[in-house]
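Everything on this sheet refers to the single structure shown next.
The values are calculated or read from the model by the stated rules, or taken from the named source; none is laboratory data. Computed from a predicted structure; not experimentally measured. Positions of Cβ are backbone-derived with ideal geometry, glycine not excepted, and every protein chain shown enters the neighbour counts. Each accessible area value is taken on the protein alone, full model and side chains, heavy atoms only, with ligands, DNA and RNA left out. Shrake-Rupley method; radii C 1.70, N 1.55, O 1.52, S 1.80 Å.
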Amino acid sequence: MTERLILLYSRDEIARRVHELARIISAHYADKDLVLIGILRGAFVFLADLIRHLTIPAAVDFIGAASYGSRSRTSGQIQLTKELQVPIGGRDVLLVEDIEDTGITLKAILDRLGRQNPRSLKVCTLIDKKERRLEDLKVDYVGFEIPRGFVVGYGIDYAERFRHLPDIYRIEGFD
């Protein structure tokens, strides 16, 4: 199968939005003990760019979760592939992810992190697909909102392909 990619957001649009999110996050977390937690693997590029634009110090860690495999839809089964190494008890935690879709993976991670008693626990996502939400979850910081479509690029993959693309594309034919 040859996928047809349709440009959604250019690297310049992404850079402007990431910079704006970093400004908002820096203002909100000024004088707080912030820990950024990226969800592997899709969020690593977004998190790297985001932290470089923050004007405040922040610890960084990653949690690994998988629910898609090589499919375009979540399996509904969440597998943790990496645990945190940085303690988050009593600290302000910002979970950073690439795409918020059904909410199933996010809910599982939020429940797990919440049991570690962070002072606060908020979510920042690059792409939000609210129309597909199955869990009632709040996303505090959103880069871009799209109604549907399977997206790739800027660290986001489909079956381990397309992460290298500097822009964000929708794969034609996927909902």
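Residues that are open to solvent by 50 Å² or more (accessible area, probe 1.4 Å) and not small (Gly, Ala, Ser) within segment 166-175 comprise PRO166, ARG170, GLU172, ASP175, listed in sequence order.
Per the conditions (1) open to solvent by 80 Å² or more (accessible area, probe 1.4 Å); (2) in contact (Cβ under 8 Å) with a residue 12 or more places away in the chain; (3) farther than 20 Å from ASP140 by Cβ; (4) of a type outside the set (Asp, Glu), the sole criterion not satisfied by THR2 is (2). Scanning segment 105-141 for residues that are touching a Ser or Thr at 6+ places or on another chain (Cβ under 6 Å) and not in a loop (DSSP other than H, G, I, E, B) returns THR105, ARG132.
If the condition is being over 30 Å from ASP31 (Cβ atoms) and either modelled with pLDDT of 95 or more or of a type in the set (A, V, I, L, M, F, W, C) (or both), then segment 128-144 contributes only LEU134. So in segment 9-60, with the set limited to residues that are of a type in the set (S, T, N, Q) and in a loop (DSSP other than H, G, I, E, B), which one is nearest to ILE168 (Cα to Cα)? Top of the filtered list is SER10. Cβ-Cβ distances below 7 Å connect the following pairs, each with a first residue in segment 85-104 that is in a helix (DSSP H, G or I), a second residue that is hydrophobic (A, V, I, L, M, F, W, C), and a separation of six or more residues or different chains: ILE104/ILE78; ILE104/LEU134. Considering segment 97-107, the residues that are at pLDDT 90 or above and over 19 Å from ILE168 (Cβ atoms) include one that is least open to solvent (accessible area, probe 1.4 Å), namely LEU106. When segment 144-165 is filtered for residues that are assigned to a loop (DSSP other than H, G, I, E, B), in contact with a Gly (Cβ under 9 Å, 6 or more places away or on another chain) and either of a type in the set (A, V, I, L, M) or loosely packed, with under 13 Cβ neighbours inside 10 Å (or both), the ones remaining, listed by number, are ALA159, HIS164, LEU165. Here ASP92 meets the list (1) more than 25 Å from ILE24 (Cα to Cα); (2) open to solvent by less than 10 Å² (accessible area, probe 1.4 Å) almost entirely, failing just condition (1).
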